[in-house]
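Novice: Input: one structure, supplied below.
The values are calculated or read from the model by the stated rules, or taken from the named source; none is laboratory data. All values derive from a computational prediction rather than experimental measurement. Cβ placement follows ideal geometry from the backbone for every residue including glycine, while neighbour counts extend to all protein chains displayed. Side chains are part of the model used for accessible areas, which takes the heavy atoms of the whole protein and leaves out ligands, DNA and RNA. Shrake-Rupley method; radii C 1.70, N 1.55, O 1.52, S 1.80 Å.
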Amino acid sequence: MIYFDNSATTEIYPASLDTYVKTSKRVFGNPSSLHYLGVQANRLLEQARKQIADTLQVSNEEIAFTSGGTEGDNWILKGTAFEKRSYGKHLIISSIEHPAVKKTAEQLTHFGFEVDQAPVTEEGIIDVNQLAELIREDTILVSVMAVNNEVGTIQPIQEISTLLEKYPKIHFHVDAVQAIAKIDTQKWLTPRVDFAAFSAHKFHGPRGVGFIYWKKGRRLQALMTGGGQEGEQRSGTENVPAIVAMARALRLTFEKINQRPEHLNHLKDALMKGLSTYDKVTIFSPEENSAPHILCLALKGIRGEVLVHALEEKEIITSTTSACSSKKNTASSTLAAMNVASALATCAIRISLDESNTVAEVEQFMVVFDQLYQRFSKIN
Ligand SMILES: Cc1ncc(COP(=O)(O)O)c(C=O)c1O
């Protein structure tokens with residue numbers, strides 16, 4: 001089987017799974033308990049926090065644990081809205097955000113908040129000047145993803161950071177779920193970024209666990225109230241085994257940070273070169289400002305799900321633009337924002353790579369793609 005759906009989720013590293021199992025068995029105390037089992041669990045929890053903070057070169061108190069990217073985005077958007085509602089009710093998100101941001105912002109409009117979407121160019125990159133024009137006196141948050149999950153475009157977080165220097169009161173949130181360990185940290189964690197959301201299962205950690213970066217001095221309202229864990233900010237007994245396993249996966253993923261982009265770019269270039277020789281193929285991921293692991297393309301006249309299943313029959317796993325939209329049968333909202341005609345957008349599929357993928361797999365993909373192309377051309 002060739003697994004080319006790593007943006008949907010990655011396979012857990014054996015070492016991370018091992019940590020999860022061992023921690024579950026050996027350190028089962030509740031970190032809030034006073035006895036030694038609780039102390040032991042709390043120590044591991046804080047070690048994991050420190051490891052993550054050290055990896056991102058931030059301080060321990062700037063890391064808060066969550067159940068994943070969706071919770072992180074929800075917390076940052078709603079937590080900002082509720083915290084700053086007396087100062088303003090205006091939020092800006094980009095038009096290509098993940099539903100975890102888009103739907104959350106939409107939900108906030110039912111509570112009296114106003115949301116503007118910053119448009120993207122046809123290449124899928126935010127126009128910073130247009131974003132600047134949307135800023136108002138009452139803007140409380142700007143939320144822009146670092147790497148788009150559907151086409152892989154890298155967003156100009158550094159330029160937006162420069163723009164927002166003039167607006168120190170606005171919270172700047174970056175959804176970094178697809179960016180971490182794939183593109184340079186400096187490209188998305190600038191000193192102006194206030195918050196960022198992450199998810200362990202995108203970097204070979206367990207599902208259902210993640211963390212946010214929360215800059216010291218910034219304030220958010222808690223979404224989860226209760227026993228007061230995470231410094232009263234996010235209640236609920238901590239999932240210590242998953243958190244410790246996540247920290248291990250992050251450390252392992254960063255160990256290969258220097259080799260990864262080169263290897264992934266090599267694979268992606270080979271795919272782009274191969275696919276661009278077909279008349280009926282459109283590649284949506286731009287050559288520049290594009291993350292090394294995501295390639296979005298369409299085979300004209302063949303719906304995305306038909307191509308995904310045809311590839312699956314040949315044991316090649318891909319997806320229609322994003323895992324969460326796959327079953328909804330709707331065209332990609334990122335492609336719509338890029339002004340791609342909806343007939344072509346419904347033909348889109350996403351290939352998402354990982355460092356474990358090989359040149360031989362890419363070659364095998366191209367052989368299978370060629371067979372399918374000939375087959376579909378005859379039917380058409
Ligand atoms: C950019 C982005 N943000 C948020 C999420 C949601 O993360 P999770 O699956 O951990 O809730 C995803 C998942 O695909 C994503 O790609």
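Novice: Explain nothing, just the number: dipole magnitude of the chain about its Cα centre with +1 on each Lys and Arg Cβ and -1 on each Asp and Glu Cβ, in debye rounded to the nearest 20.
Specialist: 880 debye
Novice: Anything over 24 Å Cα to Cα? Flag those among LYS50/LYS169; LYS166/LYS216; LYS50/LYS215; LYS102/LYS169; LYS103/LYS166, in the order listed. Intermediate results must be reported in sequence, preceding the final value.
Specialist: On the way: LYS50/LYS169 28 Å; LYS166/LYS216 19 Å; LYS50/LYS215 15 Å; LYS102/LYS169 22 Å; LYS103/LYS166 28 Å.
Beyond 24 Å: LYS50/LYS169; LYS103/LYS166.
Novice: Right, next: Assuming 1.306 mPa s and 10 °C, estimate D for the stretch 251-379 with Stokes-Einstein, Rh taken as the Kirkwood radius over Cα pairs, in µm²/s.
Specialist: Numbers: Rh = 15.2 Å.
Translational diffusion coefficient: 104 µm²/s.
Novice: Further, regarding this structure: Hey, what do the phi angles of the stretch 109-120 turn into as Karplus ³J(HN,Hα) couplings, whole Hz, using 6.51/-1.76/1.60 and θ = phi - 60°, x for Gly and Pro?
Specialist: Once θ is set to phi - 60°, the couplings for the stretch 109-120 become 5, 6, 10, x, 7, 10, 10, 10, 10, 6, x, 10 Hz.
Novice: What order, most packed first, do the peptides 333-340, 368-375, 267-274 have when packing is the mean number of other Cβ atoms within 10 Å of each residue?
Specialist: 333-340, 267-274, 368-375
Novice: Per residue and in Å³, how big is the convex hull formed by the alpha-carbon atoms of the stretch 1-119?
Specialist: 183 Å³
Novice: On to the next question. Any idea what the relative contact order of the stretch 232-312 is, in percent, if you count C-alpha pairs under 8 Å spaced at least 6 apart? Spell out each step's value before the answer.
Specialist: Details: 36 pairs, mean separation 16.7, N = 81.
Value for the stretch 232-312: 21 percent.
Novice: Can you quote the Å³ per residue value for the convex hull of the Cα atoms in the chain, rounded to an integer?
Specialist: 133 Å³
Novice: Here is a further query. Using alpha-carbon pairs under 8 Å, 6+ residues apart, how would you state the relative contact order of the chain in percent?
Specialist: Relative contact order, the chain: 23 percent.
Novice: Select from ALA132, THR346, VAL142 the residue farthest towards the positive end of the dipole of the chain; place +1 on Cβ of Lys and Arg, -1 on Cβ of Asp and Glu, and compute about the Cα centre.
Specialist: VAL142
Novice: Report, largest value first, the span of the C-alpha coordinates of the stretch 47-103 along each principal axis, in whole Å.
Specialist: Extents along the principal axes: 37, 27, 18 Å.
Novice: Give the accessible surface of the chain per residue, rounded to a whole number of Å², with probe radius 1.4 Å and ligands, DNA and RNA excluded.
Specialist: 44 Å²
Novice: Which of the peptides 197-204, 212-219 is most tightly packed, and how do the rest follow, judged by the mean count of other Cβ atoms within 10 Å per residue? Can you show the working numbers first?
Specialist: Details: 197-204: 26.6, 212-219: 16.2.
So the peptides 197-204, 212-219, ranked by packing, come out 197-204, 212-219.
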